[in-house]
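The values are calculated or read from the model by the stated rules, or taken from the named source; none is laboratory data. None of these values were measured; they are calculated from a predicted model. Cβ atoms come from the backbone with ideal geometry, glycine included; neighbour counts cover every protein chain shown. Areas reflect the complete protein model, heavy atoms only, side chains present, ligands, DNA and RNA absent. Shrake-Rupley method; radii C 1.70, N 1.55, O 1.52, S 1.80 Å.
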Amino acid sequence: MTKSELIEALAKQQPYLALKDVELAVKCLVEQMNQALSSGERIEIRGFGSFSLHLRAPRIGRNPKTGETVALSKKYVPHFKPGKELRDRVDALREKHDIAD
Amino acid sequence: MALTKADFAEKLFEELGLNKREAKEMVELFFEEIKAALETGEQVKISGFGKFELRDKSSRPGRNPKTGEEIPITARRVVTFRAGQKLKARVEAYAGTQ
């Protein structure tokens, strides 16, 4: 499922909203999530999961092409922990549905 | 303070002028729709954010870390999230609190 398919599915369930409004709403939600995470704020959605940042310690890296060492400073990476409902639902139907894009 | 569904709904109300009921419903449906897709084996790619992927794990031996007792971990399907380039870059630019 892509973002545009998600928008269409949402629009079908909210017939009183124009497709354009659903599109704007999804854009707004995505931007809020990006905004929160890039300012270090956690996101907690009951039944879905939580997003937070994980710290990657500074390390000495290596350019695989030249073998040159490079000092890499600490950085944060986004992390998602699925909530219980999502975990259970995804696992419950695994025998019925193959994984698809 | 973590961001919650109520914060998302408030923003939809403020920025898009959805009424409070519509805003709340939109937020609920947004996450429910993603869950429903994943539940039926469909991976979900939100461009500009990231991709929710599914993985089938085979069973493996596990251990109760407290008692040391061996317990098999059953085969299961799990959800993983891979942040997109844009989100990764924005988060990397975050210097942290200290």
Here the residues within the stretch A:4-46 that are open to solvent by 50 Å² or more (accessible area, probe 1.4 Å) and under 25 Å from B:Ala89 (Cα atoms) are A:Ser4, A:Glu23, A:Leu24, A:Lys27, A:Glu31, A:Gln35, A:Ser39, A:Glu41, A:Arg42, A:Glu44
task: Answer yes or no: is there a residue in the stretch B:56-71 that is within 12 Å of the chain's Cα centre (by Cα) and open to solvent by less than 20 Å² (accessible area, probe 1.4 Å).
output: no
Flagged in the stretch B:72-90 as free of Cβ contacts under 8 Å to residues at least 24 places away in the same chain, open to solvent by 80 Å² or more (accessible area, probe 1.4 Å) and not in a helix (DSSP H, G or I), in numbering order, are B:Pro72, B:Thr74, B:Arg76
Scanning the stretch B:28-50 residue by residue, the ones that are in contact with an Asp or Glu (Cβ under 9 Å, 6 or more places away or on another chain) and more than 7 Å from chain A (Cβ to nearest Cβ) total 1
Counting only strands (runs of 3 or more DSSP E) wholly inside the stretch A:10-101, the ones holding at least 1 residues that are closer than 17 Å to B:Phe31 by Cβ, at the interface with chain B (Cβ under 8 Å from one of its Cβ atoms) and aromatic (Phe, Trp, Tyr) are A:49-56, A:75-82
* Kindly check whether there is at least one residue in the stretch B:75-97 that is farther than 30 Å from A:Glu95 by Cβ, more than 23 Å from the chain's Cα centre (by Cα), modelled with pLDDT under 95 and not hydrophobic (A, V, I, L, M, F, W, C). => yes
